[in-house]
Amino acid sequence: MTEETTHIKQTSAATKALRALLRNPFSSPATRKFGGLFLKYLPGQITCQEFENFVIGYHENRLAQDQRDLFERHMRLCPMCRTSFTGYLKTIEMGKKICSKQTADTIFADAPRELIETILKIT
Amino acid sequence: MSVRETSDCAYIDDLKRGDSAAFEKAVREHAGWMLAVARRITNCNEDGADCVQEAFSIAHQKIAGFEGRSTLKTWLHRVVVNQALMKLRKRRRHPEESIDDLMPDFDDNGFLIGPIQITDETAEELLSKKEVAEKVRSAIDELPETYRTILLLRDIEELSTAETAALLEIDEGAARTRLHRARTALKKKLEPVFDAKYLDDVL
């Protein structure tokens, strides 16, 4: 293998690694530390912890536009927070659905006749 | 069905005049869902029934002053929620356990420590499995009362942050923080449910 071929191969491997890192900086423990530092110090980025602090504001549509941009940029970049936020939304939805089912069950299957009679004695 | 979706009450004037037939109609129409709300908040069937009874007693006394700025259903909803919260306050005796262990962990760089799994199944698909539905119910019930209450008021009863904060006698910022912690704690408790491997193995 010539010196030139070796150099091309090394450059190509480095480019590939860099691309992979930018695509997903948290794909392995080795890249996590770099990814964390990248988010902590690079302008225009927020850390996962800052992302967490923005979650309810984002969900209630209360963030300023620049905060929304930071939040969404982080979500695009960080698969962990993307997954975590998806779980957050799914949690809210499941809570709503399970409780509305309970209400329906109570109304249709558990009509409280005795309770109604007791209440009607008020008048 | 949302508590705000009902149409205006056709017999409201009769109700305000103290007509007993109109009152009976209101009781039959609203007692069912009010019981569900009260049971959910108090987490107790008996206390729930007491709250509905007390709520109708208050409604009977105060209906003459009902100005119609909201629907009757919304008004009754507020009354029964208030009764349920009062019941909780009377019942609360012990300090609550902390939910700090259910909050996410971050490393020194503020990076979220995982792993976090999530299944592609929708909330509806997940809840169609009896075991999952049961797990969600028990996870909500297991939350410390402070967090369970705010989760129910905001996410289930769909009260606004301002209304919730007023009922709980806290400021709106504190209500938002508490709600976020409640949802995050519930999410942590539901992590096994969100893990596709758990669903494959257990169900």
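The values are calculated or read from the model by the stated rules, or taken from the named source; none is laboratory data. Everything numeric here is computed off the predicted structure, so don't read it as measured data. Virtual Cβ from ideal backbone geometry, glycine too; neighbours counted across all protein chains shown.
Some notes on this structure:
- Qualifying residue in the stretch B:161-169 (condition: buried (at least 16 other Cβ atoms within 10 Å of the Cβ), among the polar types (S, T, N, Q), within 11 Å of chain A (Cβ to nearest Cβ) and under 14 Å from the mean Cα position of the chain (by Cα)): yes
- Among the residues listed as A:108, A:34, the single one being modelled with pLDDT under 90, surrounded by fewer than 16 Cβ atoms within 10 Å (Cβ to Cβ) and either closer than 27 Å to residue B:128 by Cα or within 13 Å of the chain's Cα centre (by Cα) (or both): A:108
- Any hit, the stretch A:89-100, residues being facing chain B (nearest Cβ under 9 Å) and at pLDDT below 85: yes
- From B:77, B:30, residue being in contact with an Asp or Glu (Cβ under 8 Å, 6 or more places away or on another chain) and crowded, with 19+ Cβ neighbours inside 10 Å: B:77
- Meets criteria (buried (at least 21 other Cβ atoms within 10 Å of the Cβ) and more than 7 Å from chain A (Cβ to nearest Cβ)) for residue B:152: yes
- Out of B:54, B:142, B:124, B:67, sole residue that is touching a residue at least 40 places away in the same chain (Cβ under 8 Å) and among the acidic types (Asp, Glu): B:142
- Going through (1) modelled with pLDDT of 90 or more; (2) of a type outside the set (Phe, Trp, Tyr); (3) within 22 Å of residue B:177 (Cα to Cα) one by one, residue B:134 falls short only on (3).
- Among the helices (runs of 4 or more DSSP H) confined to the stretch B:121-203, the ones with at least 3 residues that are small (Gly, Ala, Ser) are located at B:130-142, B:161-168, B:172-189.
- Filter pass, residue B:124 being more than 9 Å from every other protein chain (Cβ to nearest Cβ) and surrounded by fewer than 17 Cβ atoms within 10 Å (Cβ to Cβ): no
- So residue B:64, is it part of a helix (DSSP H, G or I), facing another protein chain (nearest Cβ under 9 Å) and out of contact with any strand residue (DSSP E or B) (no Cβ under 6 Å at 6 or more places or on another chain): no
To keep it simple, each residue is scored yes or no on (1) charged (D, E, K, R); (2) in contact with a Ser or Thr (Cβ under 7 Å, 6 or more places away or on another chain); (3) over 30 Å from residue B:141 (Cα atoms); (4) in a helix (DSSP H, G or I).
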residue: B:28; (1), (2), (3), (4): yes, no, no, yes
residue: B:35; (1), (2), (3), (4): no, yes, no, yes
residue: B:38; (1), (2), (3), (4): no, no, no, yes
residue: B:47; (1), (2), (3), (4): yes, no, no, yes
residue: B:50; (1), (2), (3), (4): yes, no, no, yes
residue: B:70; (1), (2), (3), (4): no, no, yes, no
residue: B:84; (1), (2), (3), (4): no, yes, no, yes
residue: B:108; (1), (2), (3), (4): yes, no, yes, no
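- Residue selected from the stretch A:62-74 under the condition surrounded by fewer than 17 Cβ atoms within 10 Å (Cβ to Cβ) and away from chain B (no Cβ under 12 Å), by the criterion farthest from residue B:124 (Cα to Cα): A:66
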